[in-house]
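Input: a single structure, listed below in structure tokens.
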Amino acid sequence: MQQDLKNSAGKDQVLNEEKEYLLTDYSELSFIKEIEKHYDLKIRTKEFAHRCVKLAVSLPGNQLGNHIRGQMIRASTSVAANYRASQVAHSKKGFVAKLSIVIEECDECAFWIEFAGDEELITISRISALLEEARELTSIFITARKTAQTGEK
């Protein structure tokens, strides 16, 4: 009987600990936030590249469409690849260098998206969200580079 009470008390303690664990808000832990932030940008830059590629392959097959297609595919995939590379850089200088490439390529994507619209190869309504994403990513990476260069958090 006494053994049953001990087992019951032990089970209650384990259940209480599990409940406490499940109810704890771990999002406040800075290292988890950092991991989530980097993971989110990895996904976001890759999705950006996919969206740009889809836009690029939908362009007309004329000389200008082909040129923009190649440039947009190259630049957008470079954004995703160089962001990933920045996350495994061996030094702060290497990190900043990779982010600089990401910024340039992202801005170039914005240029080609705008240019395709200006040339009426694609409607403005089809490119507005993608253009906004290019501008947002550029802004995020400029801020990240400044923070890395100044050492602020």
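What size of dipole, in debye to the nearest 20, comes out for segment 29-150 about its Cα centre when the only charges are +1 on Lys and Arg C-beta atoms and -1 on Asp and Glu C-beta atoms?
Dipole magnitude for segment 29-150 comes out near 620 debye.
With θ set to phi - 60° and the Karplus curve 6.51 cos²θ - 1.76 cosθ + 1.60, what are the ³J(HN,Hα) couplings of segment 85-94 in order, to the nearest whole Hz, using x for Gly and Pro?
5, 4, 6, 10, 4, 7, 8, 4, 4, x
Read-outs: derived from the displayed coordinates by stated rules, not from any lab. The structure presented is a predicted model; accordingly, all values stated were derived computationally and were not measured. Cβ atoms come from the backbone with ideal geometry, glycine included; neighbour counts cover every protein chain shown.
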